[in-house]
Amino acid sequence: MQRLTLATRQQLKLARSWLEIDLDRLLDNLRFIRSTQEGTKALTAVVKANAYGHGARVIAKTMAEAGLVERFAVATAQEAAEIAELGLNLPIEVLSLTSPAYYPELFEHGIIPIIARYQEAEALADLARARGHVLTCHLALDSGMGRIGLAVDDASEQSFSEARAILSLEGLDIEAYMTHFPMADLEAADVETLAAYERFEDFCRRLDRSDGRARLRHCSNSAFCLRHASKTLDLYRPGLILYGLLPDACEKFSPGLSPIAAFKTEVVHVKEVPAGTTVSYGASYRSPVREKIATLACGYADGYARSFGNRARVHLSTGEALPVVGRVCMDACMVSANLESLISVSDEVLLFGDEGTSLAELATYDSTIVYELACRISPRVPRVYFKNQKLYAIERAQQEIEFF
């Protein structure tokens, strides 16, 4: 990926922090994921939460134009409308329940909602008939997540009756059944996950027999796609792995995946300080010797967590690794360097990326998962996209995307 020169950064007004995204890697990841699947299964690319922080509009556009996805999935009707307005002409499913306040958007944009109970199905069916439409929906089934959906456990006759009633509603086309496995990334839970898979399959088969229609089925999140590729059914829903990030216990299943993002910032101040100098709030760091302290233009409001202070390391373009010292502030953080370091104002600094600290390592400092850290990157951080090794687009908060 092309490195931005200081002159280019200044011309583009990348004056604080920015997230560089390699679209060539994104497409390579997609090709690898598709290579793990057999038959005519359709890939549903999960681009919720602004494509896990990577910028949903450019990510979706790139995948669709490459012809490597058949569908998209998001978390809200608002997210679905944003993708629909790109004019990519692919089905878009909302994976969370939709508030009645947003039902009109489902019809306006042809969005596919999921249904988890009869009451909401009936309300949507009434609205569909009043509009003279048939609304395509997916029926959510709960195989153990405990979040939404009709239960498919051994005592699920009430769920079965409710599901049949939903299938019979005029105005709705129940295109597919879906579920979500809570422990697909845990090798120790494989027996439970596969048992949940069988319960889901059995329930779907019973429903199909009840009205003589074979519907689509989908259950596969990123971990299930990698660890149980032969069982991904008709549609599969990779999310995190599209972006080259891995759920737990999936490293050995993902040799063809690479992180697509690098979070960068710049040095805005450098000074030499004597031993005993304290740094940042709470004076949690005290210089052990005379050294340089450099201030970086990135803080927790940008998505670089407060917990990284006195734990994480950043990397200069020369490869020099520097520790983050003191508490990370809202809009800045500090690093220490020895007196021989050539660090200077305007130097580019890598906060995370595959040439430095990984997002997985940072997650351990914050007692969290890579999903959360990726989604935390603030909207005020510009997303800078590269394609064919060249600058392709920049997306800034509340502005139109600028293409090159």
Take the chain, mark every one of the trypsin sites (Lys or Arg not before Pro) that falls in a DSSP loop and has at most 13 other Cβ within 10 Å, then report the longest stretch left between them, sites excluded. 14-146
Ordering 330, 63 by how much accessible area each has at a 1.4 Å probe, largest first, what is the list? 330, 63
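Over the chain, what is the percentage of antiparallel beta bridges among all DSSP beta bridges, to the nearest 5? Mind dumping the intermediate values first?
Working: 36 of 64 bridges.
Among the beta bridges of the chain, antiparallel pairing accounts for roughly 55 percent.
Hand me the chymotrypsin sites (Phe, Trp or Tyr not before Pro) from segment 1-90 located in a DSSP loop with no more than 11 other Cβ atoms within 10 Å, in residue order please. Write down the numbers at each step before the final one.
Numbers: sites: 18, 32, 52, 72; in loops: none.
Those that pass, being in a loop and sparsely packed, number zero.
Using only helices, what value at 222 nm comes out for the chain when you add -39,500 (n - 2.57) per DSSP H run of length 4 or more and divide by the total residues, to the nearest 500 deg cm²/dmol? Working shown, then result.
Numbers: 12 runs with 116 residues, N = 404.
Counting only the DSSP helices, I get -8500 deg cm²/dmol.
Kindly identify the chain as rounded, prolate or oblate by the Cα gyration tensor criterion: order the square roots of the eigenvalues as a ≥ b ≥ c, call it rounded if a/c is under 1.5, otherwise compare a/b with b/c, prolate if a/b is larger, else oblate.
Numbers: a/c = 2.40, a/b = 2.02, b/c = 1.18.
Prolate, since a/c reaches 1.5 and a/b exceeds b/c.
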Accessible area per residue of the chain at 1.4 Å probe, in Å²? 44
Going through segment 57-94, which GluC sites (Glu not before Pro) have at most 13 other Cβ atoms within 10 Å and a DSSP loop state? 85
Let me check I've understood the local charge: for residue 18, count other residues with C-beta under 12 angstrom from its C-beta, Lys and Arg +1, Asp and Glu -1. What total comes out? +2
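So how much slack lies between residue 231 and residue 400, counting 0.36 nm per residue of separation and subtracting their Cα-Cα distance, in nm?
Numbers: separation 169, 0.36 × 169 = 60.84 nm, distance 4.06 nm.
Extra length from residue 231 to residue 400 when fully extended: 56.8 nm.
So what's the net charge close to residue 200: Lys and Arg +1, Asp and Glu -1, counting the other residues with Cβ under 12 Å from its Cβ? Write down the numbers at each step before the final one.
Details: positive: 199, 205, 206, 217, 231; negative: 142, 153, 198, 201, 202.
Summing Lys/Arg as +1 and Asp/Glu as -1 gives 0.
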Which lysines, on any chain, are close to residue 292 with Cα under 29 Å apart, when same-chain ones fewer than 8 places away are left out? 13, 264, 271
How far is helix 190-211 tilted off the main Cα axis of the chain, in degrees rounded to 10, range 0 to 90? 40
Nearby lysines by direct alpha-carbon distance to residue 61 (threshold 18 angstrom, same-chain neighbours under 8 apart not counted): 48, 387, 390
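Could you tell me what percent of the accessible area of segment 127-214 is made up of carbon and sulfur, with a 1.4 Å probe and every protein chain present?
Details: 2120 of 4380 Å².
Heavy-atom surface of segment 127-214 belonging to carbon and sulfur, 1.4 Å probe: 48 percent.
Before anything else, pin down the relative contact order of the chain: Cα pairs under 8 Å, at least 6 apart, normalised by residue count, whole percent. Walk me through the intermediate numbers first.
Values: 839 pairs, mean separation 69.3, N = 404.
Reported as a whole number, the value is 17 percent.
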On alpha-carbon atoms, Rg over Rh for segment 103-178 using Kirkwood Rh? 0.99
Please give me the summed charge of the neighbours of residue 324: other residues whose Cβ is under 9 Å from its Cβ, Lys and Arg +1, Asp and Glu -1. +2
So if R0 is 25 Å, what FRET efficiency would residue 70 and residue 187 give, r being the distance between their Cβ atoms, rounded to the nearest 0.05? 0.25
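In whole percent, what relative contact order does segment 1-117 give with Cα contacts below 8 Å and a gap of six or more residues?
Values: 133 pairs, mean separation 21.3, N = 117.
18 percent.
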Contour excess over end-to-end distance, with Cα ends at residue 28 and residue 251 and 0.36 nm allotted per residue: 78.6 nm
What full-extension length gain, to one decimal in nm, is calculated for residue 338 and residue 273 as 0.36 nm per residue of separation minus the Cα-Cα distance? 22.4 nm
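State the percentage of accessible surface on segment 257-369 attributable to carbon and sulfur atoms; use a 1.4 Å probe and exclude ligands, DNA and RNA. Intermediate values should be presented prior to the final figure.
Working: 2480 of 4860 Å².
C and S atoms contribute 51 percent here.
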Within the set 100, 247, 382, GNM on the chain using Cα springs under 10 Å gives the largest fluctuation to 100
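The values are calculated or read from the model by the stated rules, or taken from the named source; none is laboratory data. These figures come from a predicted structure and were not determined experimentally. So basically every Cβ, Gly included, is an ideal-geometry build from the backbone, and we count neighbours across all protein chains shown. Calculation scope for accessible area: heavy atoms of the full protein, side chains included, ligands and nucleic acids excluded. Shrake-Rupley method; radii C 1.70, N 1.55, O 1.52, S 1.80 Å.
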